[in-house]
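These notes concern the structure reproduced below.
The values are calculated or read from the model by the stated rules, or taken from the named source; none is laboratory data. Fair warning: this is a prediction, and the values are worked out from it, not measured in the lab. Cβ sites come from the backbone with ideal geometry, for glycine too, and all protein chains shown count toward neighbours. All accessible areas refer to the heavy atoms of the entire protein, side chains included, with ligands and DNA or RNA removed. Shrake-Rupley method; radii C 1.70, N 1.55, O 1.52, S 1.80 Å.
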Amino acid sequence: MRTVIPALQEAPSPARRRLLLAGGAAALAGSGLWGCGSPAVPLPGAGRLRRIAEAHWPHRLNIQGTTAGGLSGVDYNVERSEYLLLSDDRSDLSPARFYIASWPAPWTEAPAPRDVVQLQRPGGGPWPDRRRAEPGTPVADPESLRLRPGAGTLLWVSEGDVLRGFGPSFYESARDGRLLREFALPAMFSPDPARQRGPRDNLGFEGLAVTPDGRHAWLAMENALIQDGPVPTTQAAGGPCRLTQVDLETGRAVRQIAYVPDPIPLRPLLPGGHADNGISEILMLDNKRMLVLERAYATGAGNSLRLYEIETRDATDVLNTDVLATGNHRPAPKTLVADFASLGLSRLDNTEGLCWGPALPDGKRMLVVVSDDNFNPLQTTQFAAFEYTDRP
């Protein structure tokens, strides 16, 4: 059956096109129109998430003249009881932006949009789309956002555009979208024209977390730097992803640890079909412990989502390690929190956003996730809320 891809203002990059095709196949698999792949086998240790509610936005919902979709980041503002929802549209459909929405208890209705905020580029004005961007001008690919505790500002990461010579970036913006600063990053994140080292295209900064004390941010690569190893396969785990700690006061990277993603847990329906796995989001449990969401996809089999916990102090600092190789570092050990295949959702999609919501009546935390539909009519913008139980 032919995969339907919505028209964009310009043809997507090869990597982005693969994601769109993958999303269409996932939706076909989930709807039963394409064969059923084997779901991820639940691993020991699950049971710390309990589904509370699930809701969806309609495809290409119009919010104040913009096309909603591509939601890749979410954070909750406790003071205003509102969610900030970051779109990863590279200004192809509407300028780079985030949405503000309310989602009150019992969370059975879809979140209600309140506002749209346009992110500004250096010097002011909207970020350009790739078609209109001048050579040497970066294009934003927003992937995750966090409110900075105590500052009232917004932190966000862009995956960059390696094919155009731009690596991943880390920014701080005002609530009205004005760009306040761009953080200096280690040279390892700069693209290599020879493609022998550095980030891979479309596999850069995908996750962002901020410590509760507001002192540090963590930036997560979706997959390994080229020099650190391969991407995951169905037979083997990928090379280690670098998680970088940034001091928000000085703006400098102060520590870095390695995290090894699982082998791809699903096999494509047809041999040679597309499949991938990597980090799609991170979230701090406290100042030292972190949740890591691994999102996988295999053509015809659909998506897998696994949530892990790590202790950042249990891994070697690799900030000054040029190449991560066996024996020269200790990656973060990980403990499974939940396999989403066992949580009772109507479907598993391309989940990329993860945040803490309001406290539940019994005092437990509420974990909120949102999926990126790639602006594909065969995918969905899914919101889900879970009761989270911490380990003893």
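Of the residues making up segment 106-121, not a single one is under 27 Å from M188 (Cα atoms), open to solvent by less than 20 Å² (accessible area, probe 1.4 Å), touching a residue at least 40 places away in the same chain (Cβ under 8 Å) and charged (D, E, K, R). Restricting the first member to segment 310-330 and to residues that are in contact (Cβ under 8 Å) with a residue 60 or more places away in the chain, and the second to residues that are surrounded by 15 or more Cβ atoms within 10 Å (Cβ to Cβ) and assigned to a helix (DSSP H, G or I), the beta-carbon pairs closer than 7 Å and six or more apart or on different chains are V323/Q227; V323/D228; L324/D228. Would you check if A55 is surrounded by fewer than 17 Cβ atoms within 10 Å (Cβ to Cβ) and part of a strand (DSSP E or B)? It is true that A55 is surrounded by fewer than 17 Cβ atoms within 10 Å (Cβ to Cβ) and part of a strand (DSSP E or B). Only a single item in (1) surrounded by fewer than 17 Cβ atoms within 10 Å (Cβ to Cβ); (2) of a type in the set (K, R); (3) assigned to a strand (DSSP E or B) is not met by R132, and it is number (3).
Count of segment 149-182 residues, restricted to those that are buried (at least 16 other Cβ atoms within 10 Å of the Cβ), at pLDDT 95 or above and either touching a Cys at 6+ places or on another chain (Cβ under 6 Å) or assigned to a loop (DSSP other than H, G, I, E, B) (or both), is 4. Condition (residue is in a strand (DSSP E or B), more than 24 Å from Y76 (Cβ to Cβ) and open to solvent by 30 Å² or more (accessible area, probe 1.4 Å)) applied to segment 319-341: is it met by at least one residue? Yes, that holds for at least one residue. Answer yes or no as to whether V139 is part of a strand (DSSP E or B) and aliphatic (A, V, I, L, M). Against the criterion (part of a strand (DSSP E or B) and aliphatic (A, V, I, L, M)), V139 does not qualify. Screening M221, M188 for residues that are open to solvent by less than 20 Å² (accessible area, probe 1.4 Å) and under 25 Å from P138 (Cα atoms) leaves exactly one candidate, M221. Number of residues in segment 244-281 that are open to solvent by less than 20 Å² (accessible area, probe 1.4 Å) and farther than 30 Å from L348 by Cβ: the value is 4. Residues in segment 82-99 that are aliphatic (A, V, I, L, M) and not in a strand (DSSP E or B) were compared, and the one that is farthest from F375 (Cα to Cα) is A96. Among the residues of segment 358-387, the one identified as of a type in the set (S, T, Y) and not in a strand (DSSP E or B) is T380.
Of the residues making up segment 101-130, those that are of a type outside the set (A, V, I, L, M) and within 16 Å of T67 (Cβ to Cβ) are P113, D115, Q118, P126, W127, D129.
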